[in-house]
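Heads up: the structure comes next, in structure tokens.
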């Protein structure tokens with residue numbers, strides 16, 4: 001990991017939920033499982049990417065490592081990065097328990113990972129980019145684009161709010177109330193303190209980073225999925 005200049009956003013200083021807390025890490029997947037089928041999501045992502053065995057995949061924000069493990073089992077080579085050392089330790093212990101090879105874990109994030117240009121055949125990031133302000137989202141997306149081979153796919157899934165939130169008096173209440181009861185306090189903190197952006201801004205950021213947006217899936221809005229291709 002390269003030295004960070006003083007003016008660069010410190011992505012290791014976590015915004016919102018503190019995943020440097022080991023107890024929080026252990027609860028993370030249980031909470032996510034209350035409203036997301038993680039195994040089904042991982043299988044759907046792998047089917048969408050449709051990569052041959054041996055392909056190189058970058059995962060930004062591996063968390064507890066469930067996607068990295070699924071991808072390694074499918075025969076892919078995964079570089080799994082995260083800004084939380086506790087998350088990485090948890091993910092590595094899971095991969096080790098399953099005696100999986102093919103995963104390289106790295107303590108880094110969008111702004112600090114290091115890769116030669118055109119290294120990866122695909123990249124994914126799920127529910128992580130909202131930890132960065134929009135300026136640094138732009139830098140992050142450009143970093144991913146440079147690390148991808150031309151024509152490679154990037155699958156981004158994140159909390160992205162509709163422009164409706166600017167005019168509707170109930171938009172955020174509806175979002176909070178749609179969450180399982182145990183997630184509502186965290187959802188309030190997400191809106192107040194984290195950096196989820198608007199749909200038109202996210203689309204512009206992707207295009208300016210030299211991605212072509214192939215498909216947008218908003219079935220579980222505001223958790224939006226963008227399938228993109230490196231131009």
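Values quoted throughout were computed directly from the atomic coordinates according to the rules given, and no laboratory measurement underlies them. These numbers were taken from a predicted model, which means no experiment stands behind them. For neighbour counting, all protein chains shown are included, and Cβ atoms are generated from backbone atoms with ideal geometry for every residue, glycine included.
Here are a few things to note about the model shown:
- Sorted by Cβ density within 10 Å, fewest first, the residues 57, 15: 15, 57
- Among beta bridges from DSSP that stay inside the chain, the antiparallel ones total about 40%.
- What the Cα atoms of region 28-129 give is an Rg and a Dmax of 12.7, 38 Å.
- Length gained when the stretch residue 38-residue 163 is fully extended (0.36 nm per residue, less Cα-Cα span): 42.2 nm
- With the helix formula -39500 (n - 2.57) applied to DSSP H stretches of n ≥ 4, the chain reaches a computed 222 nm mean residue ellipticity of -11000 deg cm²/dmol.
- Approximate spin-label separation residue 24-residue 201, in nm, with each point projected 7 Å along Cα-to-Cβ: 2.2 nm
- Descending semi-axes in Å of the chain, equivalent ellipsoid built from Cα gyration tensor: 25, 21, 18
- Compared with the direct C-alpha span, the chain from residue 216 to residue 229 gains 3.4 nm at full extension, assuming 0.36 nm per residue.
- Look at the alpha carbon pairs under 8 Å that are at least 6 residues apart: their mean separation over the length of the chain gives a relative contact order of 20 percent.
- FRET efficiency for residue 176 and residue 116, using Cβ-Cβ distance with R0 set to 45 Å, rounded to 0.05: 0.55
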